[in-house]
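Student: Can you keep this structure in mind? I'll have questions shortly.
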Amino acid sequence: MPDTHALVNDFLNKLKKRKIEGSKATAKLTAELLRSVISQQRLPHTNQAGALIHAIKAIGEQLTAANSVEVAVGNIVRRVLHIIREEDVSLTTASIGGLSLQGLSDDEEDNPLVSAAAAAAAARTTLRPPSLQTLLEDMPPHSAAAAAIPHSSSSAGDSEDKTKSTDKNSRSRKLKHNVIETVNELIQEIATCHEQIAEQAVEHIHQNEVILTLGSSGTVIKFLCAAKEKKRSFRVFVAEGAPRYQGHTLAKELVSRGLQTTVITDSAVFAMISRVNMVIVGAHAVMANGGVIAPVGLNMVALAAQRHAVPFVVLAGIHKLCPLYPHNPEVLLNELKSPSELLDFGELSDCMDFSTGTGPPLLHVANPAFDYVPPKLVSLFITDTGGHNPSYMYRLIADYYSADDLVLQQRPTC
Amino acid sequence: MDPRRPSRVIDPKVRKVGFFTPGPPPERTRSSPAATTPAQSPISNPLSPVMIPPARHASDNLSRAVGVLVPTASQLHVHPPADSLQVGSYTLSDSGFSASPTRSPSSRIGIDGEFSEDSANWMKRDNSGRFAAAFPTGGPDLTQAIEASNNEDGGDVAKEPSQKNSKPLKAKTTKAERRALQEAQRAAKASAQAPAQTSKPVKQANQKNDVSQLASSSVVHEKKGGDKPPIKDRKKEMPRTRMQFDDKSRVEKAQKRSVIKQTEARNRVELFRHLPQYERGNQLSDLGSSFFQIDDVHPAVYKVGLQFLAGDIMWSNARCIAMLQAFQKVIEDYSTPPEKTLAIDLSAKITTSVSFLNECRPLSISMGNANRYLKARIRKINPAQDESEAKTSLCLEIDHYIQAKIVLADKQIVMHAVTKICDGDVILTYGSSSLIEMIILHAHELRRQFRVVIVDSRPNLEGQQLLRKLIEKGLSCTYTHINAVSYIMHEATKIFLGAASVFSNGTVYSTVGSACIAMVADAYRVPVLVCCESYKFHERVQLDSICSNELGDPNVISKVPGRKKNCLDDWASKENLQLLNLAYDVTPADYVSTIVTEYGMIPPSSVPVIVREFGQELY
């Protein structure tokens, strides 16, 4: 399959060269890439889902290695894996249900009721992440269910082999078809997440509110403009967001929509925050603990907001939700950009060069791209599925990802 | 109960109570703050501390002479001659008393200053407050005071105004008189009793001269305040409440006076209406071209003003020294015009120079303090002194001020601060401060092994200058911008910050962004050392960075370095868009671990002590 290979390589190059910017664009491109990979993937007759998962994981590993900071790539890969597993399970349960309803053709099951219950339980256990309720509901038919439907989907393939032999062709096509359909839905979801978030704007912004934001994010622009369109009048302080000064773009955009906008320097954030009602910012990624990987400078803003008891609201599409827990995120989930954004090279470049001077260079220029905002500083996440507490993030993750996919790098040996 | 406490509460109220002016003052007596309602019938309720104020007026002195039966004295005896009567009433008692009114102007000056920004007056106020507390009980209504006798001191004073207690009593008279004079000045504006009032200041002045010889026993600060020019002139030079630029009438007046033509900025930031927001850019050329039309500004001052306007001198110490040296030249070239006294005329001249500089760029707090010092010195010039002698002494004083308060203080601070830099330290500093630079370089000279992190921010990017200087000296540096401070804070072991001023509630007024650094440092548990000469300390208190600040040129915000085309180039044409370029911010005291001054390292809570103990010796 040379086509997908070329596509993947092309995407990898773009990621490595940082030609794709912004988590939304990355997420969308990743999803589209994976869709084409899936559609061109030739599936074996047995263990189709396993094969598909294997293929996607292989690509996912490459992609995340290409740009480890752009966690949206990994998120989407995991989402797609989750989709495959889900579709597989729903197909399996449907077939099991169908079989058991047809009659007692299956050797393994004596009692149709039990098998139906087992199918339902299987659907629950695989579709829903484990919770106390599922555990309790599972109790009566537990032994049967355990025998009939294995929990993990990796072994679901084995059950497929046993249970289904007649309609292989139609099923293989069906799995692929279903997966692609759901991936399309995912792409759609990514595309509309801004609107979904923006719809909630009026619920959070009141008349004469003073809002502070730093840098620029597509979500924030949409959010503020949506509130403005609904006839809210409020005032926005925009910190310019050195060293990229995206705040200027944001300010221009807001002014063109007729919002009262004041551009301040990043250093004036602490001075102005006492007159601000709410801080609304975008995020680069949301980690499982509710911490935020955000454009550089936001930790400072969050600290200032906390000091003055100003709500710190983070807007993030679900595709930014990363199922990993951060460890030393300031360093490990960060990226150092070119010093040229801070300093003209001119006279100082000698000092920065390792090759010319003796010993280590005198001058280091630190220009990180991201900041880590710990969950305790975040008041609220507004996602396309509604508002959530930072402490709820781990639960959301269980809805969108399956636990088997969390680690993409260490691929299970097949 | 400690007599001082009620007195302090009373003190400001008292000053509102007038008795000289015919019209408003009685009303004021009545309408003075809610607590004073009993004050309308002062004698009926002697226990209440708030009834005391009316008792301290000259009219009450009168009433003492007359008898106790005049509760509404303050309304009845509101005629100007009360002034003379009042003096008379005191001269009756004894020598201690007789000296007292003469000493009054000094403390009055102090209290006048309270309204504005006179740091020295913390001390004065405190004293006078205490005296005032002792006084009322010994005041007009002796019997009742004794009856009340809830405070022993007061009782003593009342019974035997002996030599020991003469001081409080003296202060009392000064206080009463001062109040009288204030009222008189107000009345003068109304011009109802013009002749009566004009005569009074002159008399005060005369008496004052007597005092200067007489007052061997008086408190130091009172003595210092002793030789001051008559009230009318002094009133002018007193720093008033800061100019609020949303006050239209005052702004208009100021604009009439101003040398530089200023046009109001179009997109003003609503929150900062009270600060000057003028169009930039054309001032410099305007000022340059109008050089020959400006008479009353000395060329040296003019030059410094241009430098301020152009931003050539940025550091507050440098600005302060430049200003003082310009004033030195003004003083050198000064000759007293006939029929004028040096003290009055020169200080007027300095005042115009100061306001000129203020128009070029709002004065920093340190400069305000220096000005106050200079004016206090001018005021203290003995009129009998030879003019050239006075001038050289003034110039010497200025030199001394620069040396002692800035140069030597810096050296001392460097000595203190350098002890906090150890081997292996990573010193984080923000922007550029001359003092921090000296500290770092000195530590480097001492061969301490440490690294420096320079955090910088737009729009001034001062940190780059510091970076170049440190790199030249071979220090290992890390340079970053303020947004990345959370990233770099892990590395830092100590934060050194400069300050434009330290207020008496311990907040540090400093280059905008310092508060962010201190806040992040606090979050990461890194100690913050603020280095500041004590001449920059100010008794003002401030909670936020909005009430008092300086606005820089908004245009520089729209220009991003290294970009040819900026998004906000045409910002002025968009009415919804404002650019805010704050110059300072206020760091809360709890973020500051220690303040390094020439007196040593102090916690922020000790700033008012420094202001009080060392500020008063200056003014």
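Student: Across peptide B:516-529, how many C-beta atoms of other chains are within 10 Å of each residue C-beta, on average? Numbers along the way, then the final one.
Tutor: Numbers: counts 12, 3, 1, 8, 5, 0, 2, 8, 1, 0, 0, 0, 0, 0.
That works out to 3 on average.
Student: Rounded to whole Å, give me the distance from the Cα center of segment B:352-409 to that of segment B:513-573.
Tutor: Each part's Cα centre sits 29 Å from the other's.
Student: Further, regarding this structure: Can you sort B:Asp522, B:Asp423, B:Asp296 by how many other beta carbons sit within 10 Å, fewest first?
Tutor: Working: B:Asp522 20, B:Asp423 8, B:Asp296 11.
Going from sparsest to densest Cβ surroundings: B:Asp423, B:Asp296, B:Asp522.
Student: Sketch the reach of a paramagnetic label on A:Gln188 as a point 7 Å from Cα along Cα-to-Cβ, and name the residues of segment A:303-330 whose backbone nitrogen lies under 18 Å away.
Tutor: Of the residues in segment A:303-330, A:318-319 have backbone N under 18 Å from the label point off A:Gln188.
Student: Could you sort out which of A:Lys14/A:Lys228; A:Lys231/B:Lys565; A:Lys16/B:Lys559; A:Lys16/A:Lys252; B:Lys411/B:Lys469 sit more than 26 Å apart by Cα distance in this structure?
Tutor: Details: A:Lys14/A:Lys228 36 Å; A:Lys231/B:Lys565 33 Å; A:Lys16/B:Lys559 31 Å; A:Lys16/A:Lys252 31 Å; B:Lys411/B:Lys469 19 Å.
Over 26 Å apart, Cα to Cα: A:Lys14/A:Lys228; A:Lys231/B:Lys565; A:Lys16/B:Lys559; A:Lys16/A:Lys252.
Student: Local charge sum around A:Gly215 (other residues, Cβ-Cβ under 14 Å, Lys/Arg +1, Asp/Glu -1)?
Tutor: Numbers: positive: A:Arg244, A:Lys252, A:Lys337, B:Arg458; negative: A:Glu21, A:Glu240, A:Glu253, A:Asp266, A:Glu341, A:Asp371.
Around A:Gly215, the surrounding residues sum to -2.
Student: While we're here: Compute the signed sum of charges (Lys and Arg +1, Asp and Glu -1) over the other residues within less than 13 Å, Cβ to Cβ, of A:Val296. Before the final figure, lay out the partial values.
Tutor: Numbers: positive: A:Arg244, A:Lys337; negative: A:Glu240, A:Asp266, A:Glu330, A:Glu335, A:Glu341, A:Asp371.
So the environment of A:Val296 carries a net charge of -4.
Student: Sticking with this one: Going 7 Å from the Cα of A:Asn289 in the Cα-to-Cβ direction, what parts of segment B:486-518 have a backbone nitrogen less than 13 Å from that spot?
Tutor: Answer for this model: none.
Student: Suppose R0 equals 22 Å; then what is the FRET efficiency for A:Ser36 and A:Val407 from their Cβ-Cβ distance, rounded to the nearest 0.05? The partial results should precede the final answer.
Tutor: On the way: r = 25 Å, r/R0 = 1.13.
Once the sixth-power term is evaluated, E becomes 0.30.
Student: Follow-up question, since we're still on this one. For the residue pair B:Asp312 and B:Ser573, what label-to-label distance in nm results when each label sits 7 Å from Cα along the Cα-to-beta-carbon direction?
Tutor: Between B:Asp312 and B:Ser573, the simple spin-label model gives 3.5 nm.
Student: While we're on this one: Taking 0.36 nm per intervening residue step and subtracting the Cα-Cα distance, what contour gain separates A:Ser274 from A:Lys230 on full extension?
Tutor: Numbers: separation 44, 0.36 × 44 = 15.84 nm, distance 2.66 nm.
Taking 0.36 nm per residue and subtracting the Cα distance, the gain is 13.2 nm.
Student: Would you please give the residues with an amide H less than 5 Å from that of B:Tyr584, counting only those at least 5 places away or on a separate chain, with H modeled from the backbone geometry?
Tutor: Here B:Val512, B:Glu550 satisfy the definition.
Student: Can you tell me the FRET efficiency between A:Lys19 and B:Leu543 if r is taken as the Cβ-Cβ distance and R0 is 41 Å, rounded to the nearest 0.05? Before the final figure, lay out the partial values.
Tutor: Details: r = 48 Å, r/R0 = 1.17.
Efficiency, rounded to the nearest 0.05: 0.30.
Student: If the limit is 24 Å between Cα atoms, which of A:Lys17/A:Lys320; B:Lys248/B:Lys349; B:Lys248/B:Lys380 go over it?
Tutor: Details: A:Lys17/A:Lys320 21 Å; B:Lys248/B:Lys349 26 Å; B:Lys248/B:Lys380 36 Å.
Exceeds cut-off: B:Lys248/B:Lys349; B:Lys248/B:Lys380.
Student: Place a point 7 Å from Cα of B:Arg525 in the direction of its Cβ. Which residues in segment B:577-600 have their backbone N less than 19 Å from it?
Tutor: Taking a point 7 Å out along Cα→Cβ of B:Arg525, the residues of segment B:577-600 whose backbone N falls under 19 Å are B:590-594.
Student: Right, here's the next one. Could you compute the FRET efficiency for A:His308 and B:Gln403, with r as their C-beta to C-beta distance and R0 at 51 Å, rounded to 0.05?
Tutor: With R0 = 51 Å, the Cβ-Cβ based efficiency is 0.75.
Student: Express the relative contact order of segment B:448-570 as a whole percentage, based on alpha carbon pairs under 8 Å and six or more residues apart in sequence.
Tutor: Numbers: 136 pairs, mean separation 26.2, N = 123.
That works out to 21 percent.
Student: Considering every residue in A:86-92, what mean count of other chain Cβ atoms within 10 Å of its Cβ is obtained?
Tutor: Partner Cβ neighbours, averaged per residue: 0.
Student: Short version: ³J(HN,Hα) in whole Hz for each residue of segment B:511-517, in order, from phi by Karplus 6.51 cos²θ - 1.76 cosθ + 1.60 (θ = phi - 60°), x for Gly and Pro, what are they?
Tutor: Whole-Hz 3J(HN,Hα) from phi for segment B:511-517: 3, 4, x, 4, 5, 4, 4.
Student: Here is a further query. Which of A:Leu63, B:Leu497 comes first, and how do the rest follow, when ranked by fewest Cβ neighbours within 10 Å? Walk me through the numbers before you get to the answer.
Tutor: Working: A:Leu63 24, B:Leu497 29.
Fewest-to-most ranking of A:Leu63, B:Leu497: A:Leu63, B:Leu497.
Any read-out appearing in this document is the output of simple, stated calculations on the displayed coordinates, not a laboratory observation. Here the structure is a predicted model, which means the values were calculated and not measured. Neighbour counts run over all protein chains shown; Cβ positions are idealised from the backbone, glycine included.
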